[in-house]
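Student: Shown below is the structure under consideration.
The values are calculated or read from the model by the stated rules, or taken from the named source; none is laboratory data. Not measured: the values here are computed from a predicted model. For neighbour counting, all protein chains shown are included, and Cβ atoms are generated from backbone atoms with ideal geometry for every residue, glycine included. To get the accessible areas, we keep the full protein, side chains included, count just its heavy atoms, and leave off ligands, DNA and RNA. Shrake-Rupley method; radii C 1.70, N 1.55, O 1.52, S 1.80 Å.
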Amino acid sequence: MSLAANRGSALWLCALVAACAGSPPTPTPPPVQPNREEPVANNTGAPPTNTPTVPAPETGLTQFANGMTVAFSSVAPTGEAQLQLGLFGGSDFAAPGVAELAAEALVGGNDASSGRPDLRKAIANLGGTVKVEVGPLTSWITVRVPARRWQEAQTALAAAVSQPTQSRNQLERIRDDLVARRVGAIWSSPDRESARIFLLGAVGTDDYMSSLLDRDVSEITLFQTRLYRPDSALLSLRVPGNAPNAYAVLAKGLGAWQVTGGRQLVPITERRLKSGIYWSPSAVPLCRITILLPLPDMFRADSADLFVMHSCLTLDGIGGRLEQLQRERGLAHIRWRSQFLQFAEVSAIALSTEALPSEAIKLWQCVEGARRSLAELAPTQSEYELAHRRAMLTARLGENDTATQLRNQATYVMRRASPQALQQRFLAIRELRAFDPAGAAKRYLEMPAAMVVFGGEVPADAPTVSKFDLLPQGAYARLTGADTKTQTIAAQPWLEEAIEAIGGHALLKRVVGFDSEASLRANQSPAATEILRWDTAGELQRTRELLGTRIETSARKDKGTEQAGGKTVELKPGEVAALHREMRRHPIALLAAHARGELQVRPIAQRNVGDRDLMILEAVGEPFDRLRIHVDTISHLIRVVEAWETTTDGAIVHLQEAWSDYRTAKGLRAPFRRLTTQDDGQNRIETIYTSWAPRFRAQ
């Protein structure tokens with residue numbers, strides 16, 4: 001099937017058609033009240049220039065002479081700028097793995113002869129981040145930087161796309177690094193990574209890794225040459241200033257991006273998740289089970305109807321027909337952990353749990369039975385009302401990330417659709433009598449559902465199961481010896497998501513300390529109060545009051561004193577170092593250190609504690625003797641920090657700090673409760689923060 005024949009499936013159909021036909025009219029900027037302008041004809045006979053062919057409003061769509069489509073929106077000068085480059089070339093356009101490798105080569109390749117660093121390094125030097133997403137039809141490069149640095153970021157992005165590396169050695173290194181990261185992700189969290197792999201159409205993690213290992217670097221260059229073109233690209237901007245000024249900057253960078261030759265027809269091999277059971281057996285008795293339920297394309301006219309059907313099936317693990325069937329079939333003890341997943345244009349709800357192999361088969365039978373019931377039995381009035389409310393919340397999950405918001409905004413503009421269309425459809429079907437349950441169920445059941453299982457042995461009486469290995473034999477060598485580089489690469493995704501959940505790289509990199517006030521209670525002892533000021537340069541001021549006695553602690557780098565009752569005691573260097581390490585164990589301080597490249601971690605294990613699934617990461621190198629971070633795999637918040645401290649007399653003390661009650665503090669999500677447990681649990685101190693505020697380095 002040809003590229004042209006499948007353009008209707010792409011997110012930016014209108015943009016590509018416009019690129020082929022000439023200058024497009026400026027579409028309506030979201031949200032409403034169209035004020036369309038007609039194209040301005042070029043009657044001068046002069047050749048086109050690399051400037052927009054039509055004027056554009058503050059939020060709208062325009063096209064450069066090189067064919068690149070640009071969607072602009074404005075952000076405050078003190079905010080965070082985003083540049084999203086969408087390329088019409090995803091995993092369906094080549095052998096599995098090629099699209100990912102091509103995108104990684106784009107951001108990871110450098111030009112030693114000109115001194116151009118790779119895009120990730122260039123953006124990091126500007127205080128920003130680069131994120132790569134590859135879907136079936138599209139690849140997205142998202143750059144986030146402080147708003148004042150966006151022009152430099154645009155220049156770096158333009159250099160990366162205009163001068164992709166051709167060095168075979170570089171491309172092989174980039175491929176090997178990606179393989180190491182993917183092996184690490186599968187090794188440390190197979191259920192999470194498998195969701196992405198299966199949603200892109202692979203039939204097993206081993207199948208996917210084999211594809212990456214089998215790719216020759218010449219395939220990367222061919223993919224980029226054919227598909228990385230300005231006339232098949234969309235640039236979504238959220239930058240300070242107005243559109244004309246932004247376009248003037250782009251004219252010297254991405255607007256001047258040129259390629260040789262015309263577009264070629266590229267065959268598409270459609271790969272999508274197929275319904276069924278996928279199982280990677282092992283000797284462990286319990287299975288890790290993930291139910292994958294793809295969500296409807298929110299730009300479909302009937303997407304609201306399909307979201308309602310999804311919510312009738314399951315209220316994301318806490319209710320619905322799936323959970324009702326579980327109760328009826330004796331599986332009420334199994335609890336689901338729900339997670340929203342999005343990879344470029346593909347999104348899904350993943351329900352995860354642990355169970356016995358025999359229970360895994362029963363759970364799948366519940367999924368199949370609940371899905372069939374949608375067509376067999378219309379929802380009751382009360383069921384529909386609950387599902388409708390939940391469906392509206394589920395549909396908005398795709399708008400939680402600012403990068404996705406920007407991408408969706410551009411898509412609405414290009415489709416000349418109203419961002420309110422989905423909400424309006426939800427309002428139109430608010431009452432059950434206005435809803436067509438039979439038609440919606442039929443269309444919803446055309447969407448796949450799958451169960452991916454890791455561990456346990458497949459029961460003899462199981463229905464048809466597609467078996468796969470966790471990793472192909474060649475991939476295991478990537479982890480042999482557990483070298484530090486590979487281990488830290490494996491842990492990277494966990495802390496990256498934790499950083500995004502807390503407030504993002506740009507803000508965390510600027511954190512240089514904090515100020516706090518708190519009350520402390522140890523076992524049955526009277527409460528104490530604490531006022532604290534600390535910064536990463538080594539300054540610490542702490543005042544504690546207990547039963548009318550004031551204890552003032554002051555430290556500067558490796559020297560410190562403590563005053564109480566008119567007496568001053570000089571602290572030993574080891575005691576001062578322990579104070580600073582306590583401050584550095586705060587979740588915000590840990591993530592800030594990682595964002596600045598000062599702290600590396602490696603994955604240790606994944607555990608289920610109560611109703612939480614936690615990824616355990618261990619610090620590598622200084623400044624801690626031994627430290628572990630427990631990251632919630634659903635919320636991505638740090639829940640526990642463990643430390644092993646050596647006292648001045650040589651004894652080793654085990655500390656566990658449980659962090660909770662996350663609240664917003666100057667743009668960051670910070671915990672306002674800490675429960676510290678020492679050794680056997682007999683010594684417990686609860687810290688309740690009445691105020692906590694980060695200290696920022698000036699921009």
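Student: Residue by residue through the range 269-308, note down the ones that are part of a loop (DSSP other than H, G, I, E, B), under 22 Å from residue 394 (Cα atoms) and among the aliphatic types (A, V, I, L, M).
Tutor: 273, 295, 298, 301 - these are the residues of the range 269-308 that are part of a loop (DSSP other than H, G, I, E, B), under 22 Å from residue 394 (Cα atoms) and among the aliphatic types (A, V, I, L, M).
Student: Still on this structure: When you look at residue 403, is it part of a helix (DSSP H, G or I), crowded, with 21+ Cβ neighbours inside 10 Å, at pLDDT below 95 and not basic (Lys, Arg), yes or no?
Tutor: Against the criterion (part of a helix (DSSP H, G or I), crowded, with 21+ Cβ neighbours inside 10 Å, at pLDDT below 95 and not basic (Lys, Arg)), residue 403 does not qualify.
Student: Only one of these conditions is not met by residue 451: (1) in a helix (DSSP H, G or I); (2) modelled with pLDDT of 95 or more. Which number is it?
Tutor: (1)
Student: Run residue 230 past the list (1) open to solvent by 10 Å² or more (accessible area, probe 1.4 Å); (2) over 30 Å from residue 280 (Cβ atoms); (3) not hydrophobic (A, V, I, L, M, F, W, C) and report the number of the one that doesn't hold.
Tutor: Condition (1) is where residue 230 drops out.
Student: Can you say whether residue 457 is at pLDDT 80 or above, under 25 Å from residue 276 (Cβ atoms), under 28 Å from the mean Cα position of the chain (by Cα) and part of a loop (DSSP other than H, G, I, E, B), as far as the supplied structure shows?
Tutor: Answer is no for this residue.
Student: Just need a number here: residues in the range 186-227 that are within 20 Å of the chain's Cα centre (by Cα), open to solvent by 40 Å² or more (accessible area, probe 1.4 Å) and of a type in the set (Val, Ile, Thr).
Tutor: Going through the range 186-227 one residue at a time, the tally reaches 0.
Student: In the range 525-602, which strands (runs of 3 or more DSSP E) lie fully inside it and hold 2 or more residues that are among the small types (Gly, Ala, Ser)?
Tutor: 549-556, 559-564
Student: Among the residues of the range 71-80, is there at least one that is within 27 Å of residue 294 (Cβ to Cβ), modelled with pLDDT under 95 and surrounded by 18 or more Cβ atoms within 10 Å (Cβ to Cβ)?
Tutor: yes
Student: Tell me which residues, restricted to the range 271-294, are closer than 24 Å to residue 368 by Cβ and open to solvent by 80 Å² or more (accessible area, probe 1.4 Å).
Tutor: 274, 286
Student: Right, here's the next one. For the range 233-255, which residues satisfy the criterion of being open to solvent by 40 Å² or more (accessible area, probe 1.4 Å) and not in a loop (DSSP other than H, G, I, E, B)?
Tutor: Correct list: 238, 244, 245, 248.
Student: For the range 135-211, which helices (runs of 4 or more DSSP H) that fit wholly inside it have 1 or more residues that are in contact with a Gly (Cβ under 9 Å, 6 or more places away or on another chain), more than 19 Å from residue 89 (Cβ to Cβ) and at pLDDT below 90?
Tutor: It comes to 168-188, 190-199.
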